[in-house]
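Student: Please see the structure below; I have some questions.
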Amino acid sequence: MSGTGGVAYAVLLALITLGTVAVAIVANGNVGAALAPVLLIAFLYALWKIPLRYSVFLLIFCGLTLENPYEGFSHGVWQSPLAPLGAALLGNLNRLTGIQAMNFTGIDLLVPFLLLVAAFRRVTHSTIDGKGHVETARPMRVFALISLLASFGLWGWGLAHGGDFSQSLWQVHQILVLPVFFFLCDVSLRGPRDHAALAKIIVAAGLVRGLTAVYLRFNVKPPPPYVHYPYATTHADSMLFAAAFAVVLAIFVERTTRRNLLLLALTVPVLFAAMWANTRRLVWVEVGGVAIADYLFCRRRPLVRALTRAVVLGLPLILVYMVAGWSSSSGIFAPVQTVRSMIDPTSDSSTEYREIENLNLIFTLGSHPLLGPGFGHEYLEAVPLPDISETFHAYRYHPHNALLGLWAFTGMIGFSGLWVMLVVAVFLAARAHRRAKSPAERAAALSCIAAVIIYTNQVFGDIGLVSWTGVFLVAPAMAVAGKLAVATGAWPRVARRIFPGSAPAVAPLAAGGMQGA
């Protein structure tokens, strides 16, 4: 070992020793707490050494499956053995450490650390991540950067106009992290070679969380005064269940083999049981949106044509069923009642509350149509709502319809700046689907489109902006869409190389190569 290396290791060992002693004293001799510095440094060292894609895969799986302490998992009556890890990763660290200054999450530390690892490897021409990375289409990067800058700008705009800093953090946190995590996925994922692994992670996470929801529904008694769980795990799990369904459906639709039929038969019943156990009606809208998107993109396939004929022939029966069950409370008409509860404001108090809340959001948008008041402000109550501040004191900062809330808080210009990256992701995925040469590439493109559809529905209907689940589904989808567009020739690559030693994914498109997409 060289002298410089020996000094570095000695300093590192001294820091670990001092940290362990300090934590042991603060924690009154708690062994687990005392070992925390050693375990943390060992974990960071492993992340420093392994390929970045493995770190990102692990982060996505943990982010989708671990409990977020702020999402009311199982209403607090049950915890998995990994709940403390979820609290460290997804919750604010000041709740674990007692140090109020640590008002940030483990993700807020890990994502910048991994970006630092990526930058260091690029500067030092490291070969840990291999060669042959497919670059991401330039518009995806450009508009993700625009969304990130818009987030900071609207945050500053709101604070400059008297916004509440603490509430603005809750409003903007995941909005800021989404494009940042996209950039991490951009530099970590190699391209189509990683699509299968990413699909397995999402499906596996959906099954793990789905089985948990079913277990809680049947084996764990809900807390008083509930007789039945209003939801088993979390609201945000609707996105995960629908995304896992979207992946296996896309695989089957694009290649209807016995193997893929078996995959569908083994996974979809579990996912649908999880959706039923979690009792969130919005998930069925998300599943329906995914099915419609797959139908529109694959309408010329024999299976889809057969489905079309079946729906057309069965349409009169469907209409009769809807009319007969619209005002019925019979269990056989439960699907009709679910549909009615989402579109008829007089069907229940929850739907009526949200309808009035939406009117207030539209009124707020009308008062600040271009840039809105910015983050850190409440929406205006032109029509008074029942006061729920006793159970949710910040309800006017976080409307149920978070999409309309974004319009209200950021105006037409601000919303466009925030949301444009998702439009670009769908555009690139749609082009890639048309140019794709294999079923796997087409399935990946459909899954990217599905992720945006699911996320948009969740944000529109159920406070989806403050959930980590959307970040870990949409950011990878944006990266996949951008890389797939280049890999299939749907978007021209730039001349420069993103990774040292990386090979171009495809040849530059001919002059007429962009036509007909």
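Student: Of the residues in the range 225-250, how many are assigned to a loop (DSSP other than H, G, I, E, B), within 14 Å of the chain's Cα centre (by Cα) and among the polar types (S, T, N, Q)? Break it down stepwise before answering.
Tutor: Initially, the range 225-250 is screened for residues assigned to a loop (DSSP other than H, G, I, E, B), giving 225-236.
If we keep only those that are within 14 Å of the chain's Cα centre (by Cα) as well, we get 234-236.
Next, only the ones that are among the polar types (S, T, N, Q) stay: 234.
So the count comes out to 1.
Student: So, one more: Output the residues belonging to the range 251-291 that are assigned to a helix (DSSP H, G or I), over 30 Å from E71 (Cα atoms) and free of Cβ contacts under 8 Å to residues at least 24 places away in the same chain.
Tutor: F252, R258, R259, N260, L261, L262, L263, A265
Student: From the residues in the range 292-301 that are part of a helix (DSSP H, G or I) and touching a residue at least 12 places away in the same chain (Cβ under 8 Å), which one is surrounded by the most Cβ atoms within 10 Å (Cβ to Cβ)?
Tutor: It comes out as D294.
Student: Identify the single condition in (1) surrounded by fewer than 23 Cβ atoms within 10 Å (Cβ to Cβ); (2) over 23 Å from C62 (Cβ atoms); (3) not aromatic (F, W, Y) that G158 does not satisfy, given that it satisfies every other one.
Tutor: All conditions are met except number (1).
Student: Within the bounds of the range 305-314, is there any residue that is in contact with a Cys (Cβ under 6 Å, 6 or more places away or on another chain), closer than 30 Å to E254 by Cβ and either of a type in the set (S, T, Y) or modelled with pLDDT of 70 or more (or both)?
Tutor: No, every residue in the range 305-314 fails to be in contact with a Cys (Cβ under 6 Å, 6 or more places away or on another chain), closer than 30 Å to E254 by Cβ and either of a type in the set (S, T, Y) or modelled with pLDDT of 70 or more (or both).
Student: Exactly one of (1) crowded, with 20+ Cβ neighbours inside 10 Å; (2) in a helix (DSSP H, G or I); (3) at pLDDT 90 or above is unmet by E357. Its number?
Tutor: E357 satisfies every listed condition except (3).
Student: Here are some residues: V172, V187. Which one is of a type in the set (A, V, I, L, M), surrounded by 22 or more Cβ atoms within 10 Å (Cβ to Cβ) and over 30 Å from T127 (Cα atoms)?
Tutor: It is V172.
Student: Now, a different point. Working only within the range 208-224, note down all residues that are in contact (Cβ under 8 Å) with a residue 24 or more places away in the chain and in a loop (DSSP other than H, G, I, E, B).
Tutor: Residues satisfying the conditions are V220, K221, P222, P223.
Student: Looking only at the range 396-416, count how many residues are more than 16 Å from L359 (Cβ to Cβ) and in a loop (DSSP other than H, G, I, E, B).
Tutor: Number of matching residues: 2.
Student: What are the residues in the range 40-89 that are over 22 Å from the mean Cα position of the chain (by Cα) and assigned to a helix (DSSP H, G or I), if any?
Tutor: Listed by number, the residues that qualify are L40, I41, A42, F43, L44, Y45, A46, L47, W48, K49, G76.
Student: Can you tell me which residues in the range 88-112 are modelled with pLDDT of 90 or more and surrounded by 14 or more Cβ atoms within 10 Å (Cβ to Cβ)? Quick ask: steps written out before the conclusion?
Tutor: Going through the range 88-112, the residues modelled with pLDDT of 90 or more turn out to be 89-90, 105-112.
Listed by number, the residues that qualify are L89, L90, T105, G106, I107, D108, L109, L110, V111.
Student: In the range 95-145, how many residues are in contact with a Pro (Cβ under 9 Å, 6 or more places away or on another chain), assigned by TED's automatic domain parsing to the domain that holds L189 and aliphatic (A, V, I, L, M)?
Tutor: Of the residues in that region, 5 qualify.
The values are calculated or read from the model by the stated rules, or taken from the named source; none is laboratory data. Fair warning: this is a prediction, and the values are worked out from it, not measured in the lab. Cβ sites come from the backbone with ideal geometry, for glycine too, and all protein chains shown count toward neighbours.
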